[in-house]
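These notes are about the structure you will find just below.
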Amino acid sequence: MRILLVEDDKDLNDTIKEFLEDEYEIISVFDGEEAVNRAYEESIDLIILDVKLPKLNGFEAAKEIRKFKKTPIIFLTSLDGEKDVEEGFLSGADDYIKKPFSLKELKLRIEAILRRIYGDSKVVKLFDGFEFDINKEILYKNGKEVHLKPKIAKLLKLLIKKQGDVLTKDEILNELYDFSEEPNETSIRTFINTLRNILGKDKIETIKSVGYRLVG
């Protein structure tokens with residue numbers, strides 16, 4: 001899922017991005033005009049929108065976005081008057097969080113909105129007709145399910161979450177094996193080869209002595 005984060009306070013922007021980017025792809029911008037432009041140009045699943053923004057405030061930006069897109073919007077603001085809240089919802093907000101707020105609360109509200117609008121599935125489009133449901137850990141090829149053993153499905157999920165970056169061997173071992181199991185690098189190589197046979201041998205790159213990277 002891709003989230004457009006619009007917050008002109010760079011420290012807060014960085015903090016929110018760092019907290020959420022393990023679960024979501026975050027696009028950070030710092031003013032209302034850029035928010036409207038990115039919402040128009042890109043596929044976005046949810047927008048986190050500060051109200052007090054340069055160039056175009058959050059309420060104005062939301063109204064512009066609503067002219068061409070129904071993407072859910074969560075407002076972040078220090079404005080807490082009844083009229084401010086009302087204006088936020090009238091501008092097209094799906095939720096309204098008053099500053100200061102906890103990052104955990106923000107994440108819970110994001111999850112609630114995404115569940116309501118998109119359901120329990122979070123399907124990621126890959127390449128060559130492949131799609132992967134992140135929540136259900138199911139791979140599809142041209143709409144038909146491709147059977148994967150549980151650990152191989154979880155490994156693919158890890159690769160997708162780190163797409164473009166290296167997934168280290170330690171990260172794989174920590175995620176795929178619990179305390180009752182013996183971590184096994186040989187099995188990991190077997191899992192990777194299985195995925196290569198399904199996705200294409202050039203789709204998973206080996207980073208020598210470090211780990212693997214999903215490409216394409």
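Every read-out reported here was derived from the displayed coordinates using simple, explicitly stated rules and does not represent laboratory data. Remember, it's a predicted structure, so these values are computed and weren't measured experimentally. Cβ atoms come from the backbone with ideal geometry, glycine included; neighbour counts cover every protein chain shown.
For the stretch 1-110, chymotrypsin sites (Phe, Trp or Tyr not before Pro) are listed when DSSP marks them as loop and at most 13 other Cβ atoms sit within 10 Å of their Cβ; the list is Phe68, Phe101. Listed by chain and number, the lysines placed with their C-alpha closer than 23 angstrom to that of Lys99 are Lys10, Lys17, Lys52, Lys55, Lys63, Lys83, Lys107; residues fewer than eight positions away on the same chain are left out. Each of Asn13, Gly211, His147 was scored by the projection of its Cα onto the charge dipole of the chain, and the greatest displacement toward the positive side belongs to His147; charges sit on the C-beta of Lys, Arg, Asp and Glu.
Using DSSP loop states and a limit of at most 11 other Cβ atoms within 10 Å to flag GluC sites (Glu not before Pro), what is the longest stretch of the chain containing no flagged site? Show your work: numbers first, answer last.
On the way: sites that count: Glu42, Glu181.
With a cap of 11 other Cβ atoms within 10 Å, the longest stretch comes to 43-180.
The charge dipole of the chain, taken about the Cα centre with unit charges on the Cβ atoms of Lys, Arg (+1) and Asp, Glu (-1), comes to about 1020 debye, rounded to the nearest 20. Among the trypsin sites (Lys or Arg not before Pro) in the stretch 162-216, those located in a DSSP loop and surrounded by at most 11 other Cβ atoms within 10 Å of their own Cβ are Lys201, Lys208.
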